Every structure is written in C-alpha cells, then in structure tokens.
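Written out below as structure tokens is the structure these notes cover.
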C-alpha cells in the first residue's frame, strides 16, 4: 500500500478536513462502542431470531413502499417483515393508513396479492367480513348467529403507525416509538439536496441469500473487504481513506471517494478504470494534462458543466457529493448510497422462519428522465438501454443468487456471505473482532443490543 499517515480512529479520514462544523460533510464526533467481540449466536440462533421478532422488528421503523405506489384512496400494497404481513393504503381522506393483514374473525389474511385497488374497503375471502379503508368493521356476515358477548371486543383491523419521508412509507408497530423524522436524525437534512421524493424506483431485484440478515448488514457496512473480494473496483474507488460517522439511533454514514485510485494500488498514470470514468462525463483522458490524483476534481467540475448542459440543477450539492458515495445505514436494515443522479438502496429483511437466510432487495432510484445520457453511477447496475422514464412501475425481479444477476459485486458477496454463515457456526469461532475501519458494524450491534440485550438474556 502507498505510504499512509498514522491511522486516527477517532477522525478516520474526513473527506474534507476543512468542512465547517455545520456542513453536511463534517466529521461527526467519535462514538466509542468498545472492542468486545460480537457474539456469534445472534447469527444463527432460533431463540435470538424470535427475540428480534418480539423486541426489534416490532419497535423500529420498517420501510414498506413508496407513496407513488398508492396514489389514490383505496390503492394498497402489502408488506412483509418476518412472519408479519401488513396492508398499506389511503383512506377516503387520502391519509396513509396501515393495518396488520389479518382478519380478527379467524385469523385469515385479508389480502394475498402484492398491490391493487379496493376503494370500497377490504373483504375477508373466508367469511366475507368487510372493513372500511379506515379499518372499521363494516359488515359481519350472519351477525344474528353470534352471541352478543362474542362480539363485545374490538372487531376492527389492528392499525400500526404509518409515516412517510421523501416519499418513503415506513411502518412501526410500537405506539410509543419516536416519530420517524426524529428516528432518521441527520439524514433528513443531509438528503434534502437530492430531492428523493422526486425519484422513482427504476429497478428492483430480489433474492433469498444463504445467510443471516446481519451477516449482510455487517458486510455492506465496511469497505475493509473490498480489496480482497472486489479488487476489480480498486482502480476507481478509495477503499481505505473513508470517513466514518456514527449518529444516534444506530444510524451511521461512510463517505468513500470514487474517481480516485485505491492506495493499495501503486500504478502510475491513468488506469483503465479512471479513463472509463472520465469518458463517462465527457472528459478525454488522452488530452488530460493532470495526474491520476487530479481526476476526481476534474470529474466534479465536468459533472457541473454537464448538468448545466443537460438542464439539471446541481447548485445545492457540494463538490464531493458529485463523485463520492455517501452511504447511510438506517438502523436496522436499510443502506442508502446517494448521488445527485440516483440512489442505490439495499434492503435486508429476515427470513420468515430460517435464521440462516434473508431476503435481499437491490433497488435503484432516480428522477424520471427522457434523456438516456442522464444515468446514475455505473456501479448501480442499470442494464444498458433500461427504461428510466418512470412511466411504468418497476416490477420486482426475483432471481436465484446461485445463477447471478445482481451484478458482479453483489454476486461475489452472495457467495462470500454463504461461506461466512457456515464459518460463524464453527465451535472454533468466538465472535467477530473489529478493526476501526469496521466502526459501523460495532455501532449497529451496540444499538441492536439496546433492543435485544445480550445473547442468553432472552431464554
């Protein structure tokens, strides 16, 4: 590796050491989450999975969909987390509402499809009990055959809290949980320049991977593994000099520099990756007078000029936001890699019953565009010629991870995480030992412990 100054784990590597304290790119104060190993049982124990179901998923804000998925009263989507299913809809007053997808009569799921429109409310297909969009019971079939005392309890649908931010709809089963915007903390302000509400999902690929969901959260929360597993991106990605920020509520951020060569490489001149990145924004590498260390700044300048030419407003962005990956981890299971042109969203959900599997969504979002030149960074994996007009809703593509299809980097991770899962369960493994490059992992598990407690605490 090229010579590096001594590592200061309290500072990591600020992307802009001169950033004002109130700047979005300012380094957050260090949070000491200790150096204790992370217990392996949480990655495979059925008891721990059950504790998560009772103590974590029932108390955090869970992302369920986008507001544009249900534009009109009666439109609905369904959402599942673990064993629970929910109906998310708009009532007659156009308010967002969410209910457990279960009929109070005999427990049948009211809705079995992923989306639709039922302006008259919801009817249970088992016995035709009907419920309004407000969740109130509207009809009990053959009510006269019930003894009055049998119907004394509430027969309405069980409602859960439903709030939105920038078009993202979140649910929370805990009536006492803090409001969504408070839960999201600094992200609310940091994300404003990106206008996420104007974006649409352009591609959503879903697969079931062979590991616990936390194996994946850990893996995507650090760049320490990139040189070993994804060496192909080192020519354009500084995997070592990353800024790590730890925030309240388990949230964290990592800012990593793109359009710059990893210090693990000692190649001089413009490597093929940097050349391709330059060409992508209209720069001619053959006539470029600078060095490889000047490429990132040149691309930032070229992006502003290109945005002006294409009619895009980049005035609200800092220079470093034009090239770098600002990756936010929303506790417990969402990661957002945000760029002016688009967002890469990774979503990790527990399997309904197997702690050694999880449901993984890779979601690409961007503002609808008619100009095919306006694309998010290539690493997000939109296939060539992909429809980015936003006129049609992006259908979920279900794939088998063994056959690939998520893109080269994710395909590599899918195989790796399956091996990690097997290794974690060895009697020889005593728990993860974290470097300070992996602060986000420690921050995530410290917050998890606040919800669940230490293994063994939930018998």
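The values are calculated or read from the model by the stated rules, or taken from the named source; none is laboratory data. Keep in mind the model is a prediction, meaning the values are calculated, not measured. Using ideal geometry, Cβ is built from the backbone for each residue, glycine included, and neighbour counts are taken over all protein chains shown.
Remark: pairs (first residue in the stretch 370-388, without any contact (Cβ under 8 Å) to a residue 24 or more places away in the chain; second residue outside any loop (DSSP other than H, G, I, E, B) and surrounded by fewer than 19 Cβ atoms within 10 Å (Cβ to Cβ); Cβ separation under 8 Å; 6+ apart in sequence or on different chains) are absent. Within the stretch 285-297, can one find any residue that is on the phi < 0 side of the Ramachandran plot, surrounded by fewer than 19 Cβ atoms within 10 Å (Cβ to Cβ), touching a helix residue (DSSP H, G or I) at 6+ places or on another chain (Cβ under 8 Å) and in contact (Cβ under 8 Å) with a residue 60 or more places away in the chain? No, that holds for no residue. Taken together, the residues in the stretch 279-288 that are at pLDDT 95 or above and either outside any helix (DSSP H, G or I) or under 30 Å from the mean Cα position of the chain (by Cα) (or both) amount to 3. Residues that are assigned to a loop (DSSP other than H, G, I, E, B) and in contact (Cβ under 8 Å) with a residue 40 or more places away in the chain were ranked within the stretch 71-100; the one that is surrounded by the most Cβ atoms within 10 Å (Cβ to Cβ) is 82. So which residues in the stretch 158-177 are more than 28 Å from residue 192 (Cβ to Cβ) and in contact (Cβ under 8 Å) with a residue 60 or more places away in the chain? Scanning the stretch 158-177 gives 159, 173.
Would you confirm whether any residue within the stretch 358-367 is assigned by TED's automatic domain parsing to the domain that holds residue 307 and free of Cβ contacts under 8 Å to residues at least 24 places away in the same chain? There is no residue in the stretch 358-367 that is assigned by TED's automatic domain parsing to the domain that holds residue 307 and free of Cβ contacts under 8 Å to residues at least 24 places away in the same chain. So which residues in the stretch 93-147 are over 24 Å from residue 174 (Cα atoms) and in contact with a helix residue (DSSP H, G or I) (Cβ under 8 Å, 6 or more places away or on another chain), if there are any at all? Scanning the stretch 93-147 gives 115, 140, 143.
Residue 320 meets the conditions (1) surrounded by 18 or more Cβ atoms within 10 Å (Cβ to Cβ); (2) in a loop (DSSP other than H, G, I, E, B) in every case but one. The failed one is (2). Consider the stretch 179-230 and keep the residues that are touching a residue at least 60 places away in the same chain (Cβ under 8 Å), in a loop (DSSP other than H, G, I, E, B) and out of contact with any helix residue (DSSP H, G or I) (no Cβ under 8 Å at 6 or more places or on another chain). The one that is surrounded by the most Cβ atoms within 10 Å (Cβ to Cβ) is 199. Checking each residue in the stretch 31-51 for being part of a loop (DSSP other than H, G, I, E, B), at pLDDT 95 or above and within 30 Å of residue 231 (Cβ to Cβ) picks out 33, 44.
Being surrounded by fewer than 15 Cβ atoms within 10 Å (Cβ to Cβ) and modelled with pLDDT of 95 or more is not true of residue 66.
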